[in-house]
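The values are calculated or read from the model by the stated rules, or taken from the named source; none is laboratory data. Please read these numbers as outputs of a predicted model, since none were measured by experiment. Backbone-built Cβ (ideal geometry, glycine too); neighbour counts: all protein chains shown.
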Amino acid sequence: MDTFQLTYKPYGERSILVEWPAEINVNILQDILKFKNKIGNHFFESKIEVKSAYNSLLISYDAAIENINDKILRLKALYLAQEIINKPVFKLWKIPVCYDEEFGLDLEAISIQNKLSKQAIIKRHSDTLYTVYFIGFLPGFLYLGGLDKKLHVPRKSTPQLQVKKGSVAIGGDQTGIYPNESPGGWNIIGNSPINFFDPTKDDPCFAKTGDKIQFVPIDIKAYHDISILVKEDLYQLESEVIDG
């Protein structure tokens, strides 16, 4: 894989922000995860925290950085170093989604604005294989890349105060799922009955950066059936290991 021209800059007293080209790109994501893995391998004895986003890594140390240039030079050398790294394991998660009118509150508006039928919107949305680029702004909120260009639609000018838990939505060139009830400005097209964040689990969020997501359309009866199983902790989410 080719290397990218990165920028390194201080971010507060304890952190360094490393930035890649500003675009949503799978090759950039793979490079970010590779560098993150290198940092984890080389600094395993140090107390550092590394967070990734679409185009960046934020590396936070346990104390104020005394010599920023030294830290940056070390990171640059590590990025360029050729070494064998254990290939991470990624999964494809198949997420059930009900696009019924009860949940697809903004399907009609998107249909008019993008000149597509509701069924065409649902088909394009569920036919796509999405990549998890990072997780935020809420715990378990998956930022997904790969949305069909014909489904791009601006975020709402006035956000809703309460978006239902599990709402599947489109915001600009992204799609995602609200893991809990919250305010939000994305356009809602459906709802998933599963839990995307469960603090009682060893892994509160089942997916991780680099995983793939595919939405599987279900009808309203299947939605309610799955909801019951989820509440009883009996639902097994379908997944398979894939080549990242």
Checked pairs for the stretch 123-139, first farther than 19 Å from ASN55 by Cα, second surrounded by fewer than 21 Cβ atoms within 10 Å (Cβ to Cβ) and among the charged types (D, E, K, R), C-beta under 6 Å and 6 or more apart or across chains, list as ARG124/ASP148; THR128/ASP148; LEU129/LYS212
Only one residue in GLY171, GLY176, GLY190, GLY145 is small (Gly, Ala, Ser), touching a His at 6+ places or on another chain (Cβ under 9 Å) and not assigned by TED's automatic domain parsing to the domain that holds ILE24, so which one is that? GLY190
Close pairs (8 angstrom Cβ cut-off, 6 or more residues apart or separate chains): part of a strand (DSSP E or B) in the stretch 187-215, at pLDDT below 90 anywhere: LYS212/ILE242
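Considering only residues of the stretch 186-220 that are among the β-branched types (Val, Ile, Thr) and within 14 Å of the chain's Cα centre (by Cα), which is modelled with the highest pLDDT? Break it down stepwise before answering.
Of the residues in the stretch 186-220, the ones among the β-branched types (Val, Ile, Thr) are 188-189, 194, 200, 209, 213, 216, 218, 220.
Next cut, within 14 Å of the chain's Cα centre (by Cα) only: 209, 213.
Numbers: THR209: 92, ILE213: 96.
Only one residue fits best here, namely ILE213.
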Go through (1) assigned to a loop (DSSP other than H, G, I, E, B); (2) surrounded by fewer than 12 Cβ atoms within 10 Å (Cβ to Cβ) one by one and return the number of the condition ILE112 breaks. (1)
Just give me the residues in the stretch 145-186 being crowded, with 17+ Cβ neighbours inside 10 Å and assigned to a helix (DSSP H, G or I), in sequence order. LEU151
Of the residues that sit in the stretch 22-66 and are touching a residue at least 40 places away in the same chain (Cβ under 8 Å), touching a strand residue (DSSP E or B) at 6+ places or on another chain (Cβ under 8 Å) and exposed (fewer than 15 other Cβ atoms within 10 Å of the Cβ), which one is farthest from ASP211 (Cα to Cα)? ASP62
